[in-house]
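Trainee: Structure below; questions to follow.
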């Protein structure tokens, strides 16, 4: 699904489009925000009452809030795609579009996009 920070628009093996509709990744962003925010809160929350200096706890919280979403965004997109495919299996049209895309040898030059 990914090449570094770049996500493929379609599966290189079957041609299935990863973004099934406009705004598809909004739920993945929400999932990423909830999980990383909750994890950061579970780590930093107890430290706030531990007697450590406030500046140290604040710095740790800011670093976690900045780094965790970047480290987890690929996983949240993959998990969201798996959840959505389980709830809403691919339609015949999506399967046919993927087959036609793969039968064209190589993905077109614009088959990759940068995450926004």
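Trainee: Six or more apart or on different chains, Cβ under 6 Å: which pairs go from a residue in the range 64-79 that's touching a residue at least 60 places away in the same chain (Cβ under 8 Å) and on the phi < 0 side of the Ramachandran plot to one that's surrounded by 13 or more Cβ atoms within 10 Å (Cβ to Cβ) and in a helix (DSSP H, G or I)? Could you list them?
Mentor: These pairs meet every condition: 77/28.
Trainee: While we're here: Which residues, counting only those in the range 74-89, are in a helix (DSSP H, G or I) and more than 8 Å from the chain's Cα centre (by Cα)? So that I can check it myself, show each step before the final result.
Mentor: In the first step, residues of the range 74-89 are kept if they are in a helix (DSSP H, G or I); the result is 74-87.
Passing the criteria: 81, 82, 83, 84, 85, 86, 87.
Trainee: Which residues, counting only those in the range 1-47, are in contact (Cβ under 8 Å) with a residue 60 or more places away in the chain, loosely packed, with under 15 Cβ neighbours inside 10 Å and more than 16 Å from residue 90 (Cα to Cα)?
Mentor: Of everything in the range 1-47, those that are in contact (Cβ under 8 Å) with a residue 60 or more places away in the chain, loosely packed, with under 15 Cβ neighbours inside 10 Å and more than 16 Å from residue 90 (Cα to Cα) turn out to be 1, 2, 3, 5, 6, 12.
Only the coordinates and a few stated rules stand behind these numbers; no lab work does. Please read these numbers as outputs of a predicted model, since none were measured by experiment. Reconstructed Cβ throughout: ideal geometry from the backbone, glycine too, with neighbour counts over all protein chains shown.
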